Amino acid sequence: MLQQFLKLGTLMALENDQLLLGLGKRTWSDKIEDNSQPAFYFPDFFLDDAKPWFQHEQCLKISLSSLLQEFQELQKKTSLKWNSPSREIFEWGFHSLQEKLSNGELVKGVPYVFETSSEKMDQARLRESLLSLLRFATKHPIIPYGFWDETQGILGASPELLFRLKKSNLLQTMACAGTLGHHESVESFMNDPKERHEHECVVQGITESLAPFGQVNIGKIKVLDLGNLTHLVTPIDLTLSSYPDYGSLVEALHPTPALGTLPKKAGIPWLKDYEAKLHRKRYGAPVGVVKPDDAHFYVGIRNIQWDENGIAIGAGCGVNSQSEFDREWNEIKRKIRAIKEVLSIG
């Protein structure tokens, strides 16, 4: 099973340390073709892909521990040679965003960069990254996800639920924004004006996006410790007044201010300008799976993407009027280091 999975496979976290694997032939479509079988969702960030859905000829639900047992110890691959992320592009993103913040056009935005390698992802390297990811997931509340074939792929460990919906009228989501600074205490982090404001912007944006669908309930803010990064998280529930299709929910929520802007629509031109300078592919895009009895959608961050041209690690940071350039740049670099650690891809 493992060799087939490494050649062409899909991985998606469910709940309670359960994973869903996609195996065998993958068929892409503009919609869910067979409602009796799981359908995976991997669009681009701007939701422009004509065929973002796919289904496998075989799916397997398996526990995290059981999948780990399929792996054996292996010799570590040699380290990759990485090209540093573009500080110039990040400076443009940061300062162009500050202009829009100062004139009141935007309240928050998320510039991003990529660290890249021209080396290729092969099965041995993928196996090593998967093993590292699964081990990390046994100790920390991350969300493993990804898909791959012989030419392209994505593999990540998201901290962020976009939404979860079962056959009821209750939708679960979260606001995940604000990152603990290096050597900063949790107490000072919780009371940091910049981080709290950044987080409150995300809560506001999600609440506004969900309001047309029903009654929104905002939970209590808490700290999410991922081992190598720490964030502020607020759980949010929605009691649906009707049962909308999944595409409508994705379009309403994505991108949340945690990956996009606040206000959402006013920031689209800035995001498009950024995209013209640095193609993000699936970085920050929604990912998910729809099953006959429930649906799980996540925010596609903390990942590596690869194709015939090499491997890329994307990272972004929330910028508001209180942001300091050097602090945000250092946060970007910490996130890239964290991804390398989780996926053993340093």
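The values are calculated or read from the model by the stated rules, or taken from the named source; none is laboratory data. None of the values given here were measured: they were computed from a predicted structure. As a convention, Cβ positions derive from the backbone with ideal geometry for all residues, glycine included, and neighbour counts pool all protein chains shown.
Just for region 250-271: of the residues that are part of a helix (DSSP H, G or I) and touching a Ser or Thr at 6+ places or on another chain (Cβ under 9 Å), which one is surrounded by the fewest Cβ atoms within 10 Å (Cβ to Cβ)? It comes out as ILE268. Residues of region 233-247 include at least one that is free of Cβ contacts under 8 Å to residues at least 60 places away in the same chain, closer than 21 Å to PHE45 by Cβ and surrounded by fewer than 18 Cβ atoms within 10 Å (Cβ to Cβ). Considered as a group, the residues in region 196-246 that are assigned to a helix (DSSP H, G or I), of a type in the set (A, V, I, L, M, F, W, C) and more than 20 Å from ILE301 (Cα to Cα) include one that is nearest to the chain's Cα centre (by Cα), and that residue is LEU210.
Annotation note: Cβ proximity below 9 Å between a residue of region 310-334 that is modelled with pLDDT of 95 or more and buried (at least 20 other Cβ atoms within 10 Å of the Cβ) and a residue that is in a loop (DSSP other than H, G, I, E, B) and of a type in the set (Asp, Glu) (sequence gap 6+ or interchain) occurs for ILE311/GLU119.
Each residue in region 148-191 was checked for being in contact (Cβ under 8 Å) with a residue 12 or more places away in the chain and out of contact with any helix residue (DSSP H, G or I) (no Cβ under 9 Å at 6 or more places or on another chain), and 14 of them qualify.
Results for (1) touching a Pro at 6+ places or on another chain (Cβ under 8 Å); (2) aliphatic (A, V, I, L, M); (3) over 30 Å from GLY104 (Cβ atoms), shown as yes or no for each residue.
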residue	(1), (2), (3)
LEU210	no, yes, no
VAL223	no, yes, yes
LEU229	yes, yes, yes
GLU251	no, no, no
LEU262	no, yes, no
LYS272	no, no, no
ALA285	yes, yes, no
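Residues of region 153-172 that are over 30 Å from MET121 (Cβ atoms) and part of a loop (DSSP other than H, G, I, E, B): LYS167, SER168, ASN169. Kindly indicate whether GLU119 is surrounded by fewer than 16 Cβ atoms within 10 Å (Cβ to Cβ) and touching a residue at least 24 places away in the same chain (Cβ under 8 Å). Spelling it out, it is not the case that GLU119 is surrounded by fewer than 16 Cβ atoms within 10 Å (Cβ to Cβ) and touching a residue at least 24 places away in the same chain (Cβ under 8 Å). Applying the set (1) surrounded by 20 or more Cβ atoms within 10 Å (Cβ to Cβ); (2) over 30 Å from ASP245 (Cβ atoms) to LEU155 leaves exactly one unmet item: (2).
Under the condition of being of a type in the set (A, V, I, L, M) and part of a helix (DSSP H, G or I), which residue from region 50-68 is surrounded by the most Cβ atoms within 10 Å (Cβ to Cβ)?
Ranking the qualifying residues of region 50-68, first place goes to LEU67.
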